[in-house]
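The block underneath contains the structure these notes are about, expressed in structure tokens.
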Amino acid sequence: MIKFPGLLAIAFLSLPLSVNAAIIDIEYSGYVSGTEGNGLGFNPGDTVNGTLRIDTSYSSGDVWSETDKARYEAGPDQYDLVSGYHTSNTGSSVDFVEIYNDSRDNFMGGFEDFLSISDSNSAFFFISDNTYTSDFFSIQLQFAFQGIDWITSESLDNVNILVNDLVTMGPSWGVMTNSYGSGDFSGNYSAYSDTAFLNFTSVNIKSIDVPAPGSLMLLLIGVAGLLLCRRKV
């Protein structure tokens, strides 16, 4: 007869050990296709590359709750839903991730997989009782690979895709923007922005298998319960 400690151990060991938030790395390379303002120091044709990481454990959850699509937004005081571009934890994070699993209208009579991400911060500063400044720093990347079923769930499980041909890359693109504004509470306001638009030549998107933080603890509790049960036999 299995007594309570043994039942408790078996229950813990039976719990799923893969209740993970999605972690996805995106490596991209390409070139600047156009600029506005001073273009963040870029000129058209300049080479760009970088890596962003998505970690949905820093989100407030899926705010859409729709079949085959999801939107994650940064939780309060969380700056790493999307990380790798703007690293300063000032102001408010406006990171987001939108995922379409064969559910985005491609405007050609069909639907496609689509991923849109933004690593962005917005800050507001009082200079005096009547004046203020505002800053906005952002990179946004959008991926719609033609003819490939590369998203199998809106949780982005098991994504592993490398695309480096322009036909498959299709309408995928990116934009980096730094915007600055100043004004007063009499209604005066002025702003300017520096922007660089990106086209991709290579994109590698892959999910990272990271155990849930509680998985090891649950396993240890289960093993301890089994040992306790054996000692009492």
- [ ] Would you check which residues across region 176-206 are within 27 Å of residue 50 (Cα to Cα), of a type outside the set (Lys, Arg) and either open to solvent by 40 Å² or more (accessible area, probe 1.4 Å) or at pLDDT below 55 (or both) and list them?
- [x] 180, 192, 193, 197, 199, 201
Open item on the list: Going residue by residue through region 61-82, is there one that turns out to be in contact with a Phe, Trp or Tyr (Cβ under 7 Å, 6 or more places away or on another chain), over 14 Å from residue 22 (Cβ atoms) and surrounded by fewer than 13 Cβ atoms within 10 Å (Cβ to Cβ)?
Closed with: no
TODO: Would you check which residues across region 137-166 are part of a strand (DSSP E or B) and either open to solvent by 70 Å² or more (accessible area, probe 1.4 Å) or polar (S, T, N, Q) (or both) and list them?
DONE: 138, 140, 142, 160, 162
Task: region 91-127, residues that are of a type in the set (A, V, I, L, M, F, W, C) and surrounded by fewer than 21 Cβ atoms within 10 Å (Cβ to Cβ) - done: 94, 96, 107, 108, 111, 123, 124, 125, 126, 127
Open item on the list: Being crowded, with 19+ Cβ neighbours inside 10 Å and touching a helix residue (DSSP H, G or I) at 6+ places or on another chain (Cβ under 9 Å): is that true of residue 85 here?
Closed with: no
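The values are calculated or read from the model by the stated rules, or taken from the named source; none is laboratory data. From a predicted model like this one, the values you see are computed outputs, not experimental measurements. Note that each Cβ is placed from the backbone with ideal geometry, even for glycine, and that neighbours are counted across all protein chains shown. Surface areas here come from the heavy atoms of the whole protein model, side chains and all, with no ligands, DNA or RNA. Shrake-Rupley method; radii C 1.70, N 1.55, O 1.52, S 1.80 Å.
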